[in-house]
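Let me begin by presenting the structure, written as structure tokens, before commenting on it.
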Amino acid sequence: MSLLLALGFWLGAWGANIAIANSRWRRSLPARVAVPVLFGLALLVLWEGLVRFFEVPGVILPPPSEVWAAIQRSPDLLWEDFRQTVLKGALSGYLIGCGAAFLTAILIDRSPFLTKGLLPIGNFVAALPIVGIAPILVSWYGFDWHSKAAVVVVMVFFPVLINAVQGLRESDTMQRDLMRTYGASYWQTLLKLRLPAAMPFLFNGLKIASTLALIGAIVAEYFGSPTRGMGFRISTGVGRLSIDLVWAEIAVAAVAGTVFYGVVAFIEARVTFWHPSHRRK
Amino acid sequence: QDEVTLQLKWVTQAQFAGYYVALEQGFYEDEGLDVTILPGGPDIAPTQVIAGGGADVIVEWMPAALAAREKGLPLVNIAQPFKSSGMMLTCWKDVGIETPEDLDNRTLGVWFFGNEYPFLSWMSHLGYATDGAAEGSVEVLKQGFNVDPLLQRQADCISTMTYNEFGQVLDAGVSEDELVNFKYEDQGVATLEDGLYVLEENLEDPAFVDKMARFVRASMQGWKWAEENPEEAAMIVLDYDETGAQTEAHQIRMMGEIAKLTSGSDGRLDEADYQRTVDTLLAGGSDPVITAEPEGAFTHEITDMALTQ
Amino acid sequence: MIEARGLDLTFQTNDGPVRALSDVSLDIGAGEFVSFIGPSGCGKTTFLRCIAGLEEPTGGSLTVNGMSPDAARRARAYGYVFQAAGLYPWRTIGGNVRLPLEIMGFPRAEQAERVRRTLELVDLAGFENKFPWQLSGGMQQRASIARALAFDADILLMDEPFGALDEIVRDHLNEELLALWRRTGKTVGFVTHSIPEAVFLSTRIVVMSPRPGRITDVIDSPLPSERPLDIRDSREFIEIAHRVRDGLRAGHVDD
Amino acid sequence: MIEARGLDLTFQTNDGPVRALSDVSLDIGAGEFVSFIGPSGCGKTTFLRCIAGLEEPTGGSLTVNGMSPDAARRARAYGYVFQAAGLYPWRTIGGNVRLPLEIMGFPRAEQAERVRRTLELVDLAGFENKFPWQLSGGMQQRASIARALAFDADILLMDEPFGALDEIVRDHLNEELLALWRRTGKTVGFVTHSIPEAVFLSTRIVVMSPRPGRITDVIDSPLPSERPLDIRDSREFIEIAHRVRDGLRAGHVDD
Amino acid sequence: MFPILAVLVALAAAWYAAVAPMNIRTALDQAKRAGAVVTPEGARVRHEVSVWRLLAANSEHIPAAYSLDRPRLPTPGQVAGELWKTTGEMALRGRAFSKRSLLYHGWITLQATLWGFALGTTLGILGAIAIVYSRVADMSLMPWAIISQTIPIVALAPMIIVLSSQVGVEGRGVPKAIISAYLCYFPVLVGMVKGLRSPAPSQLDLLKTYNASARQSFFKLRLPASVPYLFASLKVGIAAALVGTIVGELPTGAISGLGARILIGDQFGTPLAIWAALFAAALLAGALVTLLDVIQRITLRRMGVHP
Ligand SMILES: Nc1ncnc2c1ncn2[C@@H]1O[C@H](COP(=O)(O)OP(=O)(O)OP(=O)(O)O)[C@@H](O)[C@H]1O
Ligand SMILES: Nc1ncnc2c1ncn2[C@@H]1O[C@H](COP(=O)(O)OP(=O)(O)OP(=O)(O)O)[C@@H](O)[C@H]1O
Ligand SMILES: Cc1ncc(C[n+]2csc(CCO)c2C)c(N)n1
Ligand SMILES: [Mg+2]
Ligand SMILES: [Mg+2]
């Protein structure tokens, strides 16, 4: 019964979404909020229905209703963890890592020597597995958020670097020639041509990094942490079978990550408004 | 042949020698069992695996099992190969720690992931809060899998197992007289480790009960063999370690220490030990691990069958 | 002022070399207005790019004001109007015209003033805040002309600047350009496909021919420097135009 | 065949609406050759795009062969030459011309044959394997003309196709286009800035004027359909050209 | 080649220089235990003193910092030695694929990585196509693709394992590949959405006049136009897939693979084993990314991209 209800709701939401997406309000703000929300609601309802119907034990996957109850039960705890992991660990690591990657990209791009020398090595640093560096960085930078930020720095560095380097090569020949006729200096060309042309790529990297930052900060807590933080709570919760609390943390992570990503995407739309992908009618 | 899947609590190492020996020496085969041993790892909660149907029987610590039981996952202890606890708190002597009273206002490394219960009980026993360094309280760090926090003095004390991490500390060149060890066993807050647990509902099936009886019998045979032949047992474990990263020296030492913990048990759960564990956990202070005396959390049925045959 | 001696330029492409310029020799004196005309693909753009130091000749020598083209480029000697408008999509029209001014470090107030003035010159007043893709093809081309005129380069290199404009705007801009040239004494290199335009504007007309690109004729214009639009109906004008047309035709027959 | 009634198109831009077309009404019969002429920014491109169903008018009605432009587009009624060449940089010239043929599912052998033929028509034989950036501006434009001619669309919409070509190639292509039109009876919509070209090619000339874009004059050409190049010196021709020029000038005075 | 060597030498030099301050405390602790004179005397007191002062006061013990068994930061030489011991030397002895060889573990990890990469890129590209071509997908899928990445895999890993064992998947290879794909698909999705939307409106208009089908406009325009984005995404994706596999090797039972080596190295206090596995992973990733880079160059050249 619960399954049928859930399936029904899901199909209904699907239909509604198609209707909204093809209606003439599809570009309005309410429609753009409604569609993903409806989609998400449908998933939640389906999840609830499936869990109830198949009587999945709560210690494996609790229904969303229980997760919601857990969220309501422990707002203070969730806030404390959020501050520790997202505000301190992820955010500072993200800023440092993206900044460093960007500067490195410019450095690499500036000098053919470094392009040939550093970029290939950058490729090798690409996959320093987080589980390998986390224990080392915890041992170097201590248990608190500093080591988490360091892990995030390492994690976000590569995607931003690759995209920034690619982006800096993106301006077309005529655009560059124009700058040459002005006798523009390297920095002027960089500032006025190559950076704007690189933005679509750079933001690609920044968006991917925004989700990696969160994953990095959380996973790093597995290798040592104070007794707070989302990763700490999740791993401890799994061990204690407080799976509802685990999912409450995941929900917070999801909201935080989405907002984080959304902010980056918002800035992107403002900065690269001229790119065809944002000029759709 | 009956199939049995065993989920270990941690990676392949001499801590689980009995099972590997029983597999290697054919004890399981003799009982008509086809046993699959699944190593664990960080993030593998054996309780979750058994709840999801990924295993028939798991190796788990009793606090975690009882906590799971309260959460609605009815685990039942069917055998207890480990008589005593190997958990300790290992501290630097030179920071001025000699007795549990000196732990006040210190930074302590603790394992979480369901392994924190004995520590929390002990702290509430001592009357310490666990929310930061202050008078009457201790600062708790969630420690990772290595002993670096102690060696680098990020913590004054860390959790160790007699058979594992304590050895790591010594391997790092630290001599025993630089350290102070608080064994949970000595502090009267020892809880039972490494028992075998199954789901309660399965015990209604006589075929399953019979299978488990054979499993426990063969496993205990493995444990006794391992106690008598620690070096060979360590080598067997080494053979099963697919990471190839374990060393002979480590495993032989671990086997020696493990033998001390298993030697007192024939597999039967000692009800006094059980009661002590439950009392310790119930006394958990503000945040007790379990809130009520568990019912039916163990059974002698299996060990009775296994041992009387 | 611009001296080319036996210039050669061969492009290497996936299916063999392309000889874009072959033994091109030409002197352009300071203050001259030289037009280049010739069938498409004869190397006009390539020659202009060589002068601007954007292309490296594979043979011969080329100096601009006695320097290498590269050095002259770095001395900001050029204003270049490309064959395609090539506006930066992230800048408004005003921003695009301001670009060279920013780079050359004009004071802010002067930047604004120059942008206003040159946009007016090309009839784009009021489009300052539009983005390039919001303009018609001809308007984009005019914006790119404004961009090249906004700063006072000694040498103006213009590659078919008026190709996408209607006759009337074109006449208007022809007059403006001529006035500017007379007023400032700039040296101008000008590529066009319109014979009347070439004759009307130039002191000299260079006729080129393709495969390989080379100069086939250089025609001096004896027209006075003061040229009202109706000079185009004069006999002299028509005569020169005829010579140019014949030169062009000769290049085509080669094919 | 093409019927526009009170067509209106307003673009919304960051600094206010732009009225690109205002109350445009025009009938184009099957087999007609209609030229559009007018100052830059008067809406020629926009009108062509409306016919091709690339732009959605904000008012009025428009049908093509009795269908909506969109439906006609779906019936592959058009060949369109854009104002900018817009070749795909990752395809060779041959590949670019082959693109519509691939899409419309011509057999392989015919594709090759058509590519060969149309490239020859625009004088680009031998450039098949070059990439667009290896071609001069005029060559790119010719490639894009070849691309539109490669398949046989009923309606040909050409937006300043010959803008970047010299007089001689232009004359040549004018003749070829005229011959093609006479042979096939296609309907042609043709934007140009050259008055002689408009008069030479068209059965009707539409003069437009900007801000807001509208039709100010429609001039029928009584010239015979057989038109040798020297018809341009005939009195009739010159007269029509005069009328067009006057119309154009009128549009400019409005500014 | 020379620039790479030069940069490598510079990095190695900086690394060597960093070893002394990183390891001096441990070195002094050991020297003290061995009976040598160190200043200050007490281990606890030393802990309060900055490393620079320790270095200055105990310069005779600095060499010891370069030959510790369990360094905080091993020297490049130590790491190279360990790497060689667990790869080249094993191979020379004909035991390249014994479980003590990193070649074997690298191979295990590589397999799961490639499966995860294949699965992840397929998902990512299909998702991008759906998002670019379907408005409903665009509006509803993208936000949830983002959310999926904010859910830490480690939290999902146990569920993935439990579920895949319930579905009857034997072995831990499949869950590993799934975790790997989970990390890998997102960069590909984001990059490809951008790339598939990068053709200029005029380029799209051309195809519209041909009334090209969605399929045709995909293969003839959107896909070729997205190639630079595709390769940037693939490079990030393969690195992510490798990280995913290694992360997945812990909760999937830490049986074999580079991740398991790292965990065991961590637990048994053999930092050299961790560093060796780390470098093996980095080398693997570098090789894969370099391979993609070569393919990118060849592809772009064949597509006639302006050099
Ligand atoms: N980057 C390049 N690579 C290879 N060949 C090139 C390149 N640029 C130009 N060419 C070739 O050089 C020749 C001359 O080109 P150029 O652009 O100078 O002609 P043009 O006289 O400007 O013609 P148009 O009037 O059509 O613009 C042409 O045959 C062209 O194909
Ligand atoms: N996408 C757009 N957004 C906003 N305004 C636009 C857009 N496209 C065209 N316009 C405006 O519409 C008007 C008409 O443009 P259109 O391109 O039709 O001119 P045109 O007659 O083709 O001119 P030209 O001869 O210069 O090509 C212009 O004022 C232009 O600024
Ligand atoms: C996530 C996690 N963290 C810590 C432990 C601690 N632990 C409990 S038993 C054991 C083996 C002893 O060597 C260890 C390391 C764990 N199991 N899982
Ligand atoms: Mg040219
Ligand atoms: Mg136009």
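Can you name the residue in the stretch C:111-125 that is in a loop (DSSP other than H, G, I, E, B) and over 10 Å from C:Ile145 (Cβ atoms) and, of all such residues, is nearest to the chain's Cα centre (by Cα)? Per the criteria, the residue is C:Asp123. Per the conditions (1) within 14 Å of another protein chain (Cβ to nearest Cβ); (2) over 15 Å from the mean Cα position of the chain (by Cα), the sole criterion not satisfied by C:His193 is (2).
For D:Ser202, the conditions (1) open to solvent by 10 Å² or more (accessible area, probe 1.4 Å); (2) in contact (Cβ under 8 Å) with a residue 12 or more places away in the chain; (3) not β-branched (Val, Ile, Thr) are fulfilled apart from (1).
Can you work out which of the residues in the stretch A:217-235 that are open to solvent by 10 Å² or more (accessible area, probe 1.4 Å) and part of a helix (DSSP H, G or I) is farthest from ligand 2 (Cβ to nearest atom)? If we take residues in the stretch A:217-235 being open to solvent by 10 Å² or more (accessible area, probe 1.4 Å) and part of a helix (DSSP H, G or I), then A:Phe223 is farthest from ligand 2 (Cβ to nearest atom). Taking strands (runs of 3 or more DSSP E) as the structural unit, those lying wholly within the stretch C:154-255 and holding at least 1 residues that are under 20 Å from C:Met139 (Cα atoms) correspond to C:155-159, C:187-191.
For the stretch A:8-28, the condition holds for no residue, the condition being that it is under 24 Å from the mean Cα position of the chain (by Cα) and not assigned by TED's automatic domain parsing to the domain that holds A:Arg233. I want to confirm something. Restricting to the stretch D:196-213 and keeping residues that are among the hydroxyl-bearing types (Ser, Thr, Tyr) and over 13 Å from the mean Cα position of the chain (by Cα), which single residue is nearest to D:Thr45 (Cα to Cα)? Within the stretch D:196-213, the match that is nearest to D:Thr45 (Cα to Cα) is D:Ser209. Can we say A:Leu214 is more than 14 Å from chain E (Cβ to nearest Cβ), open to solvent by less than 10 Å² (accessible area, probe 1.4 Å), of a type in the set (A, V, I, L, M) and assigned to a helix (DSSP H, G or I)? Spelling it out, it is not the case that A:Leu214 is more than 14 Å from chain E (Cβ to nearest Cβ), open to solvent by less than 10 Å² (accessible area, probe 1.4 Å), of a type in the set (A, V, I, L, M) and assigned to a helix (DSSP H, G or I).
Which residue, of C:Arg116, C:Arg147, is over 23 Å from D:Ser136 (Cα atoms), more than 16 Å from ligand 1 (Cβ to nearest atom) and among the charged types (D, E, K, R)? Criteria check complete, one pass: C:Arg116.
Here A:Leu128 meets each of (1) in a helix (DSSP H, G or I); (2) within 13 Å of chain E (Cβ to nearest Cβ); (3) open to solvent by 30 Å² or more (accessible area, probe 1.4 Å) with one exception, condition (1).
When the residues of the stretch D:126-141 are filtered to those that are more than 7 Å from chain C (Cβ to nearest Cβ) and outside any loop (DSSP other than H, G, I, E, B), the one that is surrounded by the fewest Cβ atoms within 10 Å (Cβ to Cβ) is D:Trp133. The strands (runs of 3 or more DSSP E) located wholly in the stretch B:1-66 include none with 3 or more residues which are surrounded by fewer than 22 Cβ atoms within 10 Å (Cβ to Cβ), within 16 Å of ligand 5 (Cβ to nearest atom) and more than 10 Å from every other protein chain (Cβ to nearest Cβ). From the list C:Leu87, C:Leu121, C:Leu62, C:Leu101, the lone residue that is open to solvent by less than 10 Å² (accessible area, probe 1.4 Å) and either in contact with an Asp or Glu (Cβ under 8 Å, 6 or more places away or on another chain) or away from ligand 3 (no atom under 16 Å from the Cβ) (or both) is C:Leu101. If you go through the stretch B:174-231 and keep only what is in contact with a Gly (Cβ under 7 Å, 6 or more places away or on another chain) and in a strand (DSSP E or B), you end up with nothing.
Return the residue satisfying two criteria in turn: it lies in the stretch A:162-201 and is of a type in the set (Gly, Ala, Ser) and part of a helix (DSSP H, G or I), and of such residues it is surrounded by the most Cβ atoms within 10 Å (Cβ to Cβ). For the stretch A:162-201, the residue satisfying everything is A:Ala164.
Does D:Val191 meet the test of being of a type outside the set (Lys, Arg), open to solvent by less than 50 Å² (accessible area, probe 1.4 Å), assigned by TED's automatic domain parsing to the domain that holds D:Ala72 and within 16 Å of ligand 2 (Cβ to nearest atom)? So D:Val191 fits the description; yes.
Counting the residues of the stretch E:215-255 that are more than 30 Å from E:Leu163 (Cα to Cα), open to solvent by 10 Å² or more (accessible area, probe 1.4 Å), more than 7 Å from every other protein chain (Cβ to nearest Cβ) and not β-branched (Val, Ile, Thr) gives 10.
Among the residues of the stretch E:42-51, those identified as assigned to a loop (DSSP other than H, G, I, E, B) and closer than 14 Å to E:Lys32 by Cβ are E:Gly42, E:Val49. Quick check on B:Val95: is it within 14 Å of another protein chain (Cβ to nearest Cβ) and over 27 Å from A:Gly239 (Cα atoms)? Yes. Does at least one position in the stretch E:239-250 carry a residue that is within 27 Å of the chain's Cα centre (by Cα) and in a loop (DSSP other than H, G, I, E, B)? So far as the stretch E:239-250 goes, yes, one or more of its residues are within 27 Å of the chain's Cα centre (by Cα) and in a loop (DSSP other than H, G, I, E, B).
The values are calculated or read from the model by the stated rules, or taken from the named source; none is laboratory data. None of these values were measured; they are calculated from a predicted model. So basically every Cβ, Gly included, is an ideal-geometry build from the backbone, and we count neighbours across all protein chains shown. Accessible surface areas use protein heavy atoms only, side chains included; no ligands, DNA or RNA. Shrake-Rupley method; radii C 1.70, N 1.55, O 1.52, S 1.80 Å.
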